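This report concerns only the one structure given below.
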Amino acid sequence: MIEANSLTKRYGARAAVQDVSFSCAPGTVTGFLGPNGAGKSTTLKMLCGLAHPTSGTSTLLGRPFNQIPNPGRHVGVLIDASAAHSGRRGRETLALSAQLLGVSDSRVDEMLQLVGLDKAAAN
């Protein structure tokens, strides 16, 4: 479960995000749409502890992100696709992440299958 309650992020007098509330139930697919500058990335950063909200709260799996033990084993986020190595294939990126998090390499194929990406798409 992902929950955001009245999230607001201000940079000086400018509100990058203002009073955003939503919830995403487990197993659902949710699109987060809006034009450039709408606050999508800032909201995601607040959800995963990379930016602190000016006001409001958020929880993932029922607790604030910074209270989830080894959060990378439970929550995956890629806020900016340019952060991924351009020469690395999808499966390679997941395998590297699994290794860093102490997760079995077999989980990589399980997760690719779970989201419907076959071997061709993962490469």
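Grab the DSSP H runs of the chain that are 4 residues or longer, score each as -39,500 (n - 2.57), total them, divide by all residues and round the 222 nm result to the nearest 500 deg cm²/dmol.
-7500 deg cm²/dmol
State the extension gain, in nm to one decimal, for the chain segment bounded by THR28 and GLN113, taking 0.36 nm per residue of separation less the distance between their alpha-carbons.
29.0 nm
Within straight cross-link reach of LYS9, meaning Cα distance under 29 Å, which lysines are found once same-chain residues fewer than 8 apart are removed?
LYS40, LYS45
Angle between the Cα long axis of helix 90-101 and the longest principal axis of the chain, 0 to 90 degrees, nearest 10?
80 degrees
Grab the beta carbon distance between LEU50 and ASN5, set R0 = 22 Å, and tell me the FRET efficiency rounded to 0.05.
About 0.75, to the nearest 0.05.
Any chance you could check the Cα centroid distance between region 1-36 and region 97-121 for me, in angstrom?
28 Å
Taking 0.36 nm per residue of separation and subtracting the Cα-Cα distance, what length does fully extending ALA81 through SER21 add?
Gain on extension, ALA81 to SER21, equals 19.1 nm.
Among (i) 14.5; (ii) 16.1; (iii) 15.4, which one is Kirkwood radius over Cα pairs in Å computed from these coordinates?
Checking each listed value against the structure points to (ii).
Accessible area per residue, 1.4 Å probe, Å², for region 1-112: what's the number?
Heavy-atom accessible area per residue stands at 67 Å².
The values are calculated or read from the model by the stated rules, or taken from the named source; none is laboratory data. If you're wondering where the values come from, they're calculated on a predicted model, not measured in any experiment. Virtual Cβ from ideal backbone geometry, glycine too; neighbours counted across all protein chains shown. Ligands, DNA and RNA are stripped out before the accessible areas are found, and what is left, the full protein with its side chains, is counted by its heavy atoms. Shrake-Rupley method; radii C 1.70, N 1.55, O 1.52, S 1.80 Å.
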